[in-house]
1. Would you tally the residues in region 106-155 being of a type in the set (Asp, Glu), more than 25 Å from Gly91 (Cβ to Cβ) and surrounded by fewer than 13 Cβ atoms within 10 Å (Cβ to Cβ)?
2. Evaluate region 133-140: report whether one residue or more is more than 13 Å from the ligand (Cβ to nearest atom), part of a loop (DSSP other than H, G, I, E, B) and either of a type in the set (Ser, Thr, Tyr) or at pLDDT below 95 (or both).
3. Can you tell me which residue within region 86-104, out of those that are farther than 17 Å from Ser155 by Cα and near the ligand (Cβ under 6 Å from one of its atoms), is nearest to the chain's Cα centre (by Cα)?
4. Here are some conditions: (1) crowded, with 20+ Cβ neighbours inside 10 Å; (2) more than 13 Å from the ligand (Cβ to nearest atom); (3) among the aliphatic types (A, V, I, L, M). Val83 meets all but one. Which one does it not meet?
5. Within region 112-127, is even one residue assigned to a loop (DSSP other than H, G, I, E, B), β-branched (Val, Ile, Thr) and within 11 Å of the ligand (Cβ to nearest atom)?
6. Considering only region 83-111, how many residues are part of a strand (DSSP E or B) and within 22 Å of Val135 (Cα to Cα)?
7. I'd like to verify a number: residues in region 56-79 that are surrounded by 21 or more Cβ atoms within 10 Å (Cβ to Cβ) and either within 8 Å of the ligand (Cβ to nearest atom) or part of a loop (DSSP other than H, G, I, E, B) (or both), how many?
Amino acid sequence: MGFSRTEKDLSRVHIRWMIRRDMPEVLNAEKESFEFSWTEDDFLRCLRQRNCIGMVAEQGERVVGYMIYELHKCKLHIMNFGVHPRCRRRGIGKQMVSKLISKLSSHRRTSITVEVRETNLEAQLFFKSQGFKGVRVMRSFYEDSGEDAYLMRYSLRGEEFSEMEEAEDQVAPFRD
Ligand SMILES: CC(C)(COP(=O)(O)OP(=O)(O)OC[C@H]1O[C@@H](n2cnc3c(N)ncnc32)[C@H](O)[C@@H]1OP(=O)(O)O)[C@@H](O)C(=O)NCCC(=O)NCCS
């Protein structure tokens, strides 16, 4: 069941950069969110890269959501993203994606992409509700389960998916 507006207002979060101290709470939310969850090493290896940024959503003293994304020349790419199961359907994911959308600009990074597992209907519905569209099926994208990924994309310009833009930016799978 959905939450009323007042309950959603109560779920307003503070979004900030992820710091090392957040890791235990992030790992806990990650474990609760995914069957094939990232380890601490996966997070650290990713965050060590120059173009990789971690953000968290904080409510009071608690980290309730996290996102790792990459900066590319023309777009942002979401690598990992979760809201703690206890805090879902309260608009927290939406606030985090809105924050990311606010980082786009018409003359530089104009889109956001994310790969979603074919079985992850909840995330597909979530991203669709935030204005993302499915643009490509990536066959057997995940080594762990062999599942396909749906590449979903949000575009500031709302233009058709541009293969050229995609070729320029190349989405690299994290676990290859
Ligand atoms: C996807 C996820 C981050 C969404 O976070 P959230 O905070 O629950 O999302 P929000 O409350 O902001 O949802 C916004 C809207 O998205 C849609 N939505 C979200 N979850 C949904 C679900 N389970 N089923 C259908 N629609 C859903 C709804 O339209 C919702 O608005 P509403 O609650 O007013 O109906 C969260 O479900 C999650 O952590 N899932 C597990 C990890 C995951 O799959 N991450 C994405 C990997 S690509």
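The values are calculated or read from the model by the stated rules, or taken from the named source; none is laboratory data. What you see is a predicted model; the values in this text were computed from it and never measured. No Cβ is skipped: glycine too gets one built from the backbone with ideal geometry, and neighbour counts run over all protein chains shown.
1. 2
2. Yes, some residue in region 133-140 is more than 13 Å from the ligand (Cβ to nearest atom), part of a loop (DSSP other than H, G, I, E, B) and either of a type in the set (Ser, Thr, Tyr) or at pLDDT below 95 (or both).
3. Among residues in region 86-104 that are farther than 17 Å from Ser155 by Cα and near the ligand (Cβ under 6 Å from one of its atoms), the one nearest to the chain's Cα centre (by Cα) is Gly93.
4. For Val83, the exception is condition (2).
5. Yes: one or more hits.
6. Looking only at that region, the number is 1.
7. Residues that pass the stated criteria total 2.
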